[in-house]
1. Name the residues in region 18-65 that are closer than 25 Å to HIS101 by Cα and of a type in the set (Gly, Ala, Ser), would you?
2. Collect the residues in region 36-57 that are loosely packed, with under 14 Cβ neighbours inside 10 Å and among the small types (Gly, Ala, Ser), keeping them in residue-number order.
3. Select from region 69-127 the residues that are β-branched (Val, Ile, Thr), modelled with pLDDT under 85 and under 26 Å from the mean Cα position of the chain (by Cα) and list them in ascending order.
4. With free of Cβ contacts under 8 Å to residues at least 24 places away in the same chain, out of contact with any Gly (no Cβ under 7 Å at 6 or more places or on another chain), in a helix (DSSP H, G or I) and on the phi < 0 side of the Ramachandran plot as the only criterion, which of TYR68, TYR86 stands out?
5. May I ask you to list pairs of residues, at least six apart or on different chains, whose Cβ atoms are under 8 Å apart, with the first in region 49-60 being closer than 12 Å to GLY73 by Cα and the second being basic (Lys, Arg)?
Amino acid sequence: MQVPEQDEIKRLKKKLRKLEKKNTEIRDEMAIQRTIFANERTFMAYLRTAIALIAGGFAAIKFSHLVYMKLIGLTLMLLGVLLAVYSFVRYLKKQKLIKRHWQSYEPTSHHHEALYEKQASRYGNVD
């Protein structure tokens with residue numbers, strides 16, 4: 001091969017490595033965002049269930065004149081409120097855990113680059 005072609009290949013390889021590093025960091029950032037959104041979806045599912053329990057309990061109390069239905073209604077409403085409180089506490093704990101992991105996160109591309117350099121130098125391949 002001619003020297004200009006070799007220089008062009010080296011330049012393109014270097015550009016490709018930079019793009020791969022950038023893509024890895026973007027992919028890691030997106031994984032963190034997906035985790036946050038999954039936690040929020042779980043919280044909303046808990047709240048949706050809690051609201052349904054409260055509404056069912058309210059309907060049982062309002063539309064029935066039987067004593068046992070009123071007790072069931074009160075129990076359902078209490079369960080709904082407890083579930084809402086539990087879901088909020090769980091959501092906050094998970095968000096705190098996610099934030100702690102996010103703060104200790106270090107992009108891996110720098111480590112991959114150092115590892116690649118070590119491996120390449122061990123075999124005598126230096127780009």
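1. ALA31, ALA38, ALA45
2. ALA38, ALA45, ALA52, ALA55
3. Our first condition is that a residue be β-branched (Val, Ile, Thr); within region 69-127, this holds for 72, 75, 81, 85, 89, 98, 108, 126.
Retained after the next criterion (residues that are modelled with pLDDT under 85): 108, 126.
Correct list: THR108 only.
4. Working: TYR86 fails: free of Cβ contacts under 8 Å to residues at least 24 places away in the same chain.
Residue meeting the stated conditions: TYR68.
5. From region 49-60, the pairs are ALA60/LYS70.
The values are calculated or read from the model by the stated rules, or taken from the named source; none is laboratory data. Every value quoted in this text rests on a predicted model; they were computed, and no experiment measured them. All Cβ positions, even for glycine, are placed from backbone atoms using ideal geometry, and neighbour counts span all protein chains on display.
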